[in-house]
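K.L.:
A single structure is presented below for examination.
The values are calculated or read from the model by the stated rules, or taken from the named source; none is laboratory data. The structure displayed is predicted, hence computed values, not measured ones. Cβ atoms come from the backbone with ideal geometry, glycine included; neighbour counts cover every protein chain shown. Side chains are part of the model used for accessible areas, which takes the heavy atoms of the whole protein and leaves out ligands, DNA and RNA. Shrake-Rupley method; radii C 1.70, N 1.55, O 1.52, S 1.80 Å.
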Amino acid sequence: ERNAFRQRKVAICKIVIEAARRASDGWMDVLTFAGGWLVDLDDPASIDAESAVDAGEKELRAAEMKEIRSTVLPAAVSMLHDVLDKTASWMEQMVHDIVDQFGGNTAEDILVSLFHTFDETYRSSASQAPMTEVVTTSQAAPAYWYKKAVALLSIVANDSYGIHETFSDDEMEKLLRLVAESIVGLQRTLDVETIFE
């Protein structure tokens, strides 16, 4: 029964992880586009010999691109955070379900095995990561996804992408609240002692 349960959880985790990874990778490609997504590398102020019509068109294009960035990028960041945070919550609920169903050492054995199944760090070596590490390196561990949700703030703050410039004060405040909640989730799921309770 225990092995069949573990195999079902592994199969479900594979689906959830693959969907979350695809969504995350897609949004990260947009957010970390070299030079910034939809950033016009031609500075409209550097026009010298071009006609006034061309200069006006470039300025209009730059303004339109800035407006699109201001609409799309905060929404993209919010959607990416939602994917990461909800994946972490799903993984956390899965941990609780296993603990509730099996309890004690059996639940711990199932979770350790499950976490190691999705731990890329130690996959190529003969040894397995210690549990204190695998709770953040395994894609089946909730802390892995909470950590990515928190790290999103570094990408938003990175000047080379110019993402933070597209946020209104209200949008930035909302993002900071969401990330603060992810930090609480991360702290809750980092404690190896309480994760099995």
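K.L.:
Take the residues in segment 86-125 that are among the hydroxyl-bearing types (Ser, Thr, Tyr) and under 14 Å from Lys14 (Cβ atoms), then tell me which one is farthest from the chain's Cα centre (by Cα).
P.N.:
Across segment 86-125, the extreme among qualifying residues is Thr117.
K.L.:
Right, something else. Failed condition for Ser51, given (1) loosely packed, with under 14 Cβ neighbours inside 10 Å; (2) at negative phi; (3) modelled with pLDDT under 85; (4) touching a Ser or Thr at 6+ places or on another chain (Cβ under 9 Å), with all others met?
P.N.:
Checking Ser51 against (1) loosely packed, with under 14 Cβ neighbours inside 10 Å; (2) at negative phi; (3) modelled with pLDDT under 85; (4) touching a Ser or Thr at 6+ places or on another chain (Cβ under 9 Å), the one that fails is (4).
K.L.:
What helices (runs of 4 or more DSSP H), lying completely within segment 76-189, carry at least 3 residues that are within 28 Å of Val39 (Cα to Cα) and open to solvent by 40 Å² or more (accessible area, probe 1.4 Å)?
P.N.:
Hits in segment 76-189: 142-157.
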